[in-house]
1. Working with all protein chains in place, sort 152, 106, 162 by solvent-accessible area computed with a 1.4 Å probe, largest first.
2. From the phi angles alone, apply the Karplus equation (6.51, -1.76, 1.60; θ = phi - 60°) to the stretch 111-116 and give each ³J(HN,Hα) in whole Hz, x where the residue is Gly or Pro.
3. Report the percentage of all Cα-Cα pairs in the stretch 109-189 whose separation exceeds 22 Å, rounded to a whole percent.
4. Would you mind estimating how fast the stretch 85-139 diffuses translationally, via Stokes-Einstein at 10 °C and 1.306 mPa s with the Kirkwood radius over Cα pairs, in µm²/s?
5. In whole Hz, what ³J(HN,Hα) sequence does the stretch 160-165 give by Karplus (6.51, -1.76, 1.60; θ = phi - 60°), x for Gly and Pro?
6. Report residue 135's accessible area, 1.4 Å probe, all protein chains in place, as a number in Å² to the nearest 10.
7. Could you check the spin-label model distance between residue 64 and residue 178? Points 7 Å from the Cα along Cα→Cβ, value in nm.
8. Whenever you get a sec, compute what percent of the accessible area on the stretch 48-189 sits on carbon and sulfur atoms (1.4 Å probe).
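The values are calculated or read from the model by the stated rules, or taken from the named source; none is laboratory data. Computed from a predicted model, the values in this text were never measured in an experiment. Note that each Cβ is placed from the backbone with ideal geometry, even for glycine, and that neighbours are counted across all protein chains shown. SASA here: full protein model, heavy atoms, side chains in, ligands and nucleic acids out. Shrake-Rupley method; radii C 1.70, N 1.55, O 1.52, S 1.80 Å.
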Amino acid sequence: MTEAITTPIDESTPPDDQTQTGPWRWLAVVLLVALLALMGWGLQAQAGGPVESGPAPDFTLTTFEGETITLSELKGQVVIINFWASWCPPCREEAAYLEATWRKYKDQDVLFIGVDYVDAEPNALAYLEEFDITYPNGPDLGQQISDAYNIKGVPETFYVDKTGHLRGVQIGPLYPPALDHKIEELLAE
């Protein structure tokens with residue numbers, strides 16, 4: 001008589017065709033969905049940068065001196081809109097250049113507007129005094145202006161042509177002669 005040889009079955013390991021991948025499969029699906037969501041958010045963040053072209057978003061700014069400026073009423077002039085804050089080191093780097101350029105072009109249908117972003121008024125006023133800033137500046141109350149321009153930080157400077165259309169943005173501080181070149185280009189149109 002022949003004896004059958006039997007091997008004990010290890011019930012803790014299922015046969016290859018019945019591998020239990022349930023928990024791992026769910027983890028892989030969750031990780032894949034999370035990765036796709038992060039990629040989508042990253043693409044949206046890239047596409048959601050500052051507004052650079054098209055009609056300049058209109059706004060009304062009340063300056064620290066109480067003057068009211070409405071962008072749409074400035075057609076016919078080149079407008080430079082600079083978002084800044086007293087707590088911003090790169091803003092300090094460009095402050096003297098902005099003021100010098102303003103003084104150079106202010107009598108040539110060029111207007112500078114400083115928009116103070118997320119700042120305490122006493123600090124903002126001290127900054128304006130420190131750098132002897134004479135062009136109009138005011139606070140961005142409720143961040144309405146910065147939201148309309150979709151700024152990502154300060155400093156950011158927007159160029160508006162004589163027809164009220166955006167003609168680019170400078171992210172980060174301005175250094176000579178970049179602003180002069182842009183103003184000359186817009187004045188020549």
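1. On the way: 152 130, 106 95, 162 65 Å².
Result, largest first: 152, 106, 162.
2. Per residue, the Karplus-derived 3J(HN,Hα) values read 10, 9, 10, x, 10, 7 Hz.
3. Details: 954 of 3240 pairs.
Every Cα pair in the stretch 109-189 considered, those over 22 Å come to 29 percent.
4. Details: Rh = 11.5 Å.
Stokes-Einstein gives a translational diffusion coefficient of 138 µm²/s.
5. In residue order, the calculated couplings are 10, 7, 5, 8, x, 9 Hz.
6. 20 Å²
7. For the pair residue 64/residue 178, the computed spacing is 2.4 nm.
8. Values: 3340 of 6570 Å².
C and S atoms contribute 51 percent here.
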